[in-house]
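Below is one structure, written out as structure tokens, with a few remarks after it.
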Amino acid sequence: MLPTICKDAKNNVISQSDLILERWKDYFCKILNVSESTDIQTIKRERTNNQPQIPLPAYNEICFINNYLKLNKAACSDNILPELLNP
């Protein structure tokens, strides 16, 4: 399904289907074709540096949570039964 309206690079509304297709083509060519390898490295660094570091759970925390799991229940999407986690 083709969109009926779109905005061009100068933020003007366009409604002709051939102009809309040309705009999408230009947009994706600009995004997907990075000319310099330093740009890719910068993007990778920005993605990794902005994510907060979440510490791994402690062994005691895992044991505490495992003690409250209901047994004899169907496995979730990970297919791990609670019985397999409890010692």
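Quick note: the coordinates plus some simple rules give every number you see, no bench work behind them. Computed from a predicted model, the values in this text were never measured in an experiment. Neighbour counts are summed over all protein chains in view; Cβ atoms, including those assigned to glycine, are modelled from backbone coordinates with ideal geometry.
Points to keep in mind about this one:
- When Y27, Y59 are arranged by Cβ crowding within 10 Å, least crowded first, meaning fewest neighbours, the order is Y59, Y27.
- Distance in nm between pseudo-label sites at N33 and L81 (7 Å out along the Cβ direction from Cα): 5.7 nm
- Where labels lie 7 Å past Cα in the beta-carbon direction, separation of Q16 and Y68 in nm: 6.4 nm
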